[in-house]
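The values are calculated or read from the model by the stated rules, or taken from the named source; none is laboratory data. Nothing here was measured: the structure is a model prediction, and the numbers come from that model. With ideal geometry, Cβ positions are generated from the backbone for all residues, glycine too; neighbour counts draw on all protein chains shown.
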């Protein structure tokens, strides 16, 4: 299951898992047409999947969606990718914008982990990869809520990993930098150029580069990696 996989990095993640033969559950909150495009790309790889409309802020809905997914195929991998950002100066950031960001990015990750873990632990096997952000590691003006939420995801990853590893479930995080999808293409060109100037590799990252990192952590190749944050940012956080 890849949350928030109707477009951007989520779509790249869904297709990358499908290319490895996985049956992929694609979740989306509003854009069914874009989720259908993701599913079509998944099927182009020769694998299959399903679409589930899901608001990760709704704990009961998440529990039902995960149960449906697990009944269809035992859920082996959960990727918590769904997130939002409100770019706003902190003094202008409204309480609703703050809550919406934390509820989606951090509480949404909590809801999905909480729903998926019982079956994973009962089977003694599973992998959870949480998608954080380089904003969790370095200050980003105008993104206080987003940075706080992603910092929370990193801390949640570490604590949860220690708790569930003895039950056979590995929890890790990937920390993407500025990518050529999602927020990276919605930002003003001048802002992007300034940020690229801070990146040692002097370019935006590709969605497939971040996706390969998630695939690695989810796979048995990372069988002894627990509670880590793998940063994929071209050196931005160095």
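Things to note:
- Just one of the numbered conditions (1) more than 22 Å from residue 125 (Cβ to Cβ); (2) buried (at least 16 other Cβ atoms within 10 Å of the Cβ); (3) at pLDDT below 95 is not true of residue 31: (2).
- Taking the criterion of being surrounded by 12 or more Cβ atoms within 10 Å (Cβ to Cβ), in a loop (DSSP other than H, G, I, E, B) and out of contact with any strand residue (DSSP E or B) (no Cβ under 9 Å at 6 or more places or on another chain), the residues of the range 187-235 that qualify are 187, 198, 201, 235.
- Exclusive hit being surrounded by 16 or more Cβ atoms within 10 Å (Cβ to Cβ), assigned to a helix (DSSP H, G or I) and without any contact (Cβ under 8 Å) to a residue 40 or more places away in the chain, set 115, 135, 122: 135
- Unmet requirement for residue 170, which otherwise passes all of (1) touching a strand residue (DSSP E or B) at 6+ places or on another chain (Cβ under 6 Å); (2) surrounded by fewer than 19 Cβ atoms within 10 Å (Cβ to Cβ); (3) without any contact (Cβ under 8 Å) to a residue 60 or more places away in the chain: (2)
- Scanning the range 146-167 for residues that are within 23 Å of residue 207 (Cα to Cα) and buried (at least 20 other Cβ atoms within 10 Å of the Cβ) gives 146, 147, 149, 150, 153, 157.
- When each of 159, 155 is tested for being more than 13 Å from residue 82 (Cβ to Cβ), at pLDDT 95 or above, assigned to a helix (DSSP H, G or I) and within 17 Å of the chain's Cα centre (by Cα), the lone residue that passes is 155.
- Hits in the range 65-107 - residues which are outside any helix (DSSP H, G or I) and more than 14 Å from the chain's Cα centre (by Cα): 73, 74, 75, 76, 86, 87, 88, 89, 93, 94
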